[in-house]
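The values are calculated or read from the model by the stated rules, or taken from the named source; none is laboratory data. Note that the coordinates shown come from a computational prediction; the quantities given were computed from them, not determined experimentally. Methodologically, a virtual Cβ is constructed for each residue, glycine included, from the backbone with ideal geometry; neighbour enumeration extends over all protein chains shown.
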Amino acid sequence: MSNTMQSMALTVPQSGSIEAYVQSAYSIPMLSAEREQELASRLYHDNDLTAAQDLIMSHLRFVIHIAKGYSGYGLPQADLIQEGNVGLMKAVKRFNPEVGVRLVSFAVHWIKAEIHEFVLRNWRIVKIATTKAQRKLFFNLRKNKKRLGWFNQEEVDTVAETLGVSTKDVLEMESRMANSDQAFDITDSDDDSGSAAQFAPAQFLEDKSSELSTQVESENWDNHVNGQLVQALSTLDERSQHIIKARWLDEDKATLQDLAQTYQISAERVRQLEKNALGKLKLGIADI
């Protein structure tokens, strides 16, 4: 489809003049079966984009009619119509006039599919329906409710049988749709001691506000210091190295008594060796 045709079909005002768009769409004459067949044949066989444009424009009213059926999800009507127009364009592109059906019958699947995807992506921040059974329930559960309040067991069984899903799926979807969205961050109206402040998702995220340059500088400095320490340790004798590592560097640090038993010397002697080794390390690191 050309960019010009896309803009004509998809430019739906977001606010204020949506009524004007609807009036304009309904003012476009509907096509007779013969005219529709002619245009569809030109598009299908000759890739005539002018014919495609005429097919799309004459069916915009049908998209508006379908989009109105999804107004209960709290999403902007203009967005629903726009997504439906995308589905209409896909249908026109794939329509085969030789099958013997009207375009409107073929396009309804594509229009609803695009609107369904849009609703599922935007109705909740967290996806509410991911499996085929959940999607079926999401779009049919409301119309199957006969009253306000939660389903009783009889109603759960009836809905499950009607839609061909399990009772577990019905109960889970009812629970998902009953839950309200939670603010990502703490708002000015939230009390610091209230549940909203305690359980806001932003409270559980790692703080990565520090600058990257500061992190790199810190990592470089740590690597530099570690390198100096390794080099300084290499100047010590084997026993002194082991004492320093066991007393200061190992995760499970050894006591003076542990090392005294290892080398068969007194704990005081181990302390003296440790002190001398630390002194040599300080001098060694300072000279590097």
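Here are the numbers:
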| item | result |
| --- | --- |
| So Phe95, is it under 17 Å from Leu43 (Cβ atoms), without any contact (Cβ under 8 Å) to a residue 24 or more places away in the chain and surrounded by 14 or more Cβ atoms within 10 Å (Cβ to Cβ) | no |
| Members of the range 238-288 that are aliphatic (A, V, I, L, M), at pLDDT 90 or above and outside any helix (DSSP H, G or I) | Ile265 |
| Filter pass, His224 being modelled with pLDDT of 85 or more, in a helix (DSSP H, G or I) and either loosely packed, with under 10 Cβ neighbours inside 10 Å or not aromatic (Phe, Trp, Tyr) (or both) | no |
